Every structure is written in structure tokens, then in C-alpha cells.
Amino acid sequence: MAACGQTPAVVIGVADHGESDKIVTCYCPGLGKLKGIAKGAKRSRKRFVNKLELFSLLEIQYATGSRTSLVRIDQAEMLTPFPTLRRSYDAYAGAALICELLLNWTRENDGDDELFALVVWALTQLDQGQPVGDTLVLFQIRMLDLLGYRPRLHGCLECGGLAPAGAPYRFSPSRSGLLCSRCGCRQTGAVPDQASLSLSTVMLLLKAQDLPREKLSRLRFSPAAARESLTMLRHYGTYLLQREIYSWNHLGCLAAG
Ligand SMILES: [Zn+2]
């Protein structure tokens, strides 16, 4: 049965379809990932012009069909275009990574209000010129938590320690947790040296896991801490997804591959 609906939506993917249509993929709070066709979007000035763009926060009206998961997007109202992040290469690259992560991590009919709020928070941070590295670390550490893949950072998985003597720590993607330098040497399966974490970085990530979202922007990472964290998150995400996320390659020196 066909039905109509209305929802906030962040555009995470756009592609041309034929002469005049667009296929738009959104992330929505109640619905999760939603793929829709906007008929005449390349022609219709009134309904869609400049709205169906990557990163835009919209209120969309849609209709579902009975035979396909593709919905028909009938109207889109712009809530926030995030104009500033489109003018900075790094902010744009950071927002593109957020979209690609959502495309790969989320599913249709599997919404999460908190993940939606986190996406809007992260895009707002980038739009306001907050540090790209910090924003990407905070977004991903919280996203993993919401998806059920919270990294275990409270101590070494083997000896339980979290102290200067154990540094640098290494993160094991296959075990979702830390190994201290002593236990890490005896283990196989730990990631190479470039994904090591200093004790101060581990402490920052622990804070990032537990602070209320509205206080997250108080955390500040040094360039070294952001790089260590992002390298760890990149390795962990690649291990979990079993696939590369291309947008990492546009983030230059923010994270090692
Ligand atoms: Zn240990």
C-alpha cells in the first residue's frame, strides 16, 4: 500500500537519474537511511532548486510505493544548508566522510534519533569552523557507540592496566580494545605501530565516550592526538566494515592509511 510521510532528513548522497530526475539518499531520525527519487528535480525550479544537495538538512515530504523501497520525494523544505562548510576544502572533506560512513553503516527502516542528532551536531561544528579532526574523532567515537561497537578503552585487555608505564597503547580492531606496550608485544593481531595511542589520547577518547553530546565541543585534541585517534578509527572501521571508505583519502595528513 502506498503511504505518505514527512520527516527531517540529511542528504548523504545525490546522483542524477535520466534527463530530469535525481536519486537522493538521506538519513532520517525515525526511518534511518531513505532512498528516494525526486522527479523533475533537475528542471523544477520551485520545488527542489538548490535543496537536494549533499549535506543539506531538509524537511521532506515523500510517498512510498508498494513494490519498491525507493520512495518518491514530493517536496523539500530547506532547514539548514550548512553554507560555510562548502567553502572550506577540509570541512567539505570531513562532511563527505560523515556521509560515506552513514551510507555504509546505516540501513533502511532502522532509524536512531540520537545518531541523527549527532550527524546534525557534527555538520554544525564543521559549518561553524570548528577543528575538522576533532569533529571527526568525536562523531565517530559516538557513532560506534550507538551502533554497538564501542571501543573498550578503560584498560589493557590483557593486564587491565592504564598507566604511563604501559604506553604507548595499541588498539586491536579484532578485539575492540587496547593492549599496553608490554602485552601488545606478545600478541598477534594488533595493528601496526602507526595506530598506537598515547595515554593522554586514550584519556581524551574515554571522555568523548561519556560526555553529554551538548558538551562534546568542549573537548580539544592536539594535532597529534587527533591524528592518533583518527588513524585508530580508520583501521577499526575498515576492519568492521571489511571495506575501505574512500573519503579518508581526501583528508590528507589527518589520518594514516
Ligand atoms: Zn597489558
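The values are calculated or read from the model by the stated rules, or taken from the named source; none is laboratory data. A quick note: this is a predicted structure, and the numbers were derived from the prediction, not measured. Note that each Cβ is placed from the backbone with ideal geometry, even for glycine, and that neighbours are counted across all protein chains shown.
Quick notes
- Qualifying residue in the stretch 57-80 (condition: under 22 Å from residue 245 (Cα atoms), surrounded by 13 or more Cβ atoms within 10 Å (Cβ to Cβ) and either modelled with pLDDT of 95 or more or outside the structural domain of residue 19 (by TED's automatic domain parsing) (or both)): no
- 1 or more residues closer than 20 Å to residue 255 by Cβ and among the charged types (D, E, K, R): qualifying strands (runs of 3 or more DSSP E) within the stretch 128-240: 169-172
- Test: residue in the stretch 95-118 that is within 19 Å of residue 255 (Cα to Cα), assigned to a strand (DSSP E or B) and not β-branched (Val, Ile, Thr): no
- Of all the listed residues (162, 144, 97), the sole one being within 16 Å of the ligand (Cβ to nearest atom), over 15 Å from residue 57 (Cβ atoms) and crowded, with 17+ Cβ neighbours inside 10 Å is 162.
- A single member of 220, 186, 182 is surrounded by fewer than 20 Cβ atoms within 10 Å (Cβ to Cβ), more than 18 Å from the chain's Cα centre (by Cα) and either at pLDDT 95 or above or at positive phi (or both), and it is 220.
- Residues (out of contact with any Ser or Thr (no Cβ under 9 Å at 6 or more places or on another chain) and touching a residue at least 60 places away in the same chain (Cβ under 8 Å)) located in the stretch 120-143: 131, 142
- Of the residues 229, 217, the single one that is touching a residue at least 12 places away in the same chain (Cβ under 8 Å) and over 24 Å from residue 174 (Cβ atoms) is 217.
- Selection status of residue 59, more than 26 Å from residue 144 (Cβ to Cβ) and not basic (Lys, Arg): yes
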